[in-house]
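Only one structure is covered here, and it is reproduced in the block below.
Laboratory data are not the source of any read-out in this text; all were calculated from the coordinates shown. Note that the coordinates shown come from a computational prediction; the quantities given were computed from them, not determined experimentally. Note: ideal-geometry Cβ built from the backbone for every residue, glycine included; neighbour counts use all protein chains shown.
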Amino acid sequence: MHFDLPDLRLFVHIGEAPSLTQGARRACLSPAAASARIKALEGQLGTRLLYRDSRGVELTPAGHKLLRHARLILRQAEYLKSEFVHYGTDSAGHIRIFANTTAVTEFLPEVLAGFLAKRPGVTIDLQERLSRDIVRGVLDSAADMGVIAGPVAAPGLQVIHFSTDRLVLAVPVGHELAGQKSLTLKQTLAFQHIGLHEGSTLLSFLRDQVERLGQSLSLRIQMASFEAVCRMVEAGVGIGIIPESAALRHSRTMELVTLELDEPWAVRERSILVRELEALPGAVRALIATLLPAPSLPL
């Protein structure tokens, strides 16, 4: 059985597009030529890969399986190309990262700015994803690495811890909760919350915790960033649960009171997820090294 990389790349384009026509366009092929290649691939594998109708295409179970393998093969081909074009260096390559909300909005922009400034030949695709999608993306080789917070079940992946943060409650100055030293999530549910946008990792996580209490989270407004959440809290619109790192930074310019959350899940271990660290291209390994804390020097 022989597979051509262009055919696998075409199949990935189609699998990630809503239609065969759009997938063919991404592969710079006519729809007829793309259809013929897919039919030949189906003939070679002896199974149907796509369901076609007027609305577009849908992958069959076999198609989903091939998509996972094709992504892995193409990713490995890119690794090989990257390694040998600039063998032994980390000065070039493309890195795809799936990360949670805090990573995307808080600390990764600063880290990536310094990293990219020193490496003009490196490009990065940073995507915000839910925790389960980060794990699945790295497992399926849809991403080179993942950045996640909190407990993670990731069999088959290497989990590299690199820092710790905690979730805190931000309230406006003068709020009736402002005098508390700490409180539970349940105690906050009597008040309207300021939340992040739909699809954010933190909002999804908090909703799961609230559901476990058999209650609901009252959201007055949802914002696109932690800075915007803090602005709303400062204005007295509501209260918000945010990472302590974000609370500390924004409290320098805003009038906020932060309270500890007396919950076991409030402490959040940040981790990097990869399939196999030593098999990654130099640029990816260099970025991971940048995220890891510097080793302490011997006295």
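If the Kirkwood radius is taken over C-alpha pairs of the stretch 165-266, then at 20 °C and 1.002 mPa s the Stokes-Einstein diffusion coefficient equals 161 µm²/s. Secondary structure note: in the stretch 165-266, about 55% of the DSSP beta bridges are antiparallel. Using the Cβ-Cβ distance between residue 182 and residue 222 with R0 set to 30 Å, the FRET efficiency works out to roughly 0.70.
Where the alpha-carbon atoms of the stretch 1-151 are placed on the principal axes, they occupy 47, 35, 25 Å, in descending order. By the beta-carbon count within 10 Å of each Cβ, the least crowded to most crowded order of 19, 271, fewest first, is 19, 271.
Each DSSP beta bridge with both residues in the chain is either parallel or antiparallel, and the antiparallel ones are about 60%. For the pair residue 74 and residue 127 in one chain, pulling the backbone fully straight at 0.36 nm per residue adds 17.1 nm over the alpha carbon distance. Charge dipole (Cα centre; +1 on Lys/Arg Cβ, -1 on Asp/Glu Cβ; no other charges) of the chain amounts to roughly 780 debye. Average projection, convex hull of the Cα set of the chain: 20.7 square nanometres. Sorted ascending by nearby beta carbons within 10 Å, beginning with the fewest, 232, 254 become 254, 232. With the alpha-carbon atoms of the stretch 5-80 aligned to their principal axes, the span from lowest to highest coordinate is 38, 26, 19 Å, starting with the largest. In this structure the amide hydrogen of residue 221, modeled in the peptide plane, comes within under 5 Å of the amide hydrogens of 195, none closer than 5 places in sequence on its chain. Relative to the current alpha-carbon distance between residue 81 and residue 58, full extension at 0.36 nm per residue lengthens the span by 5.2 nm.
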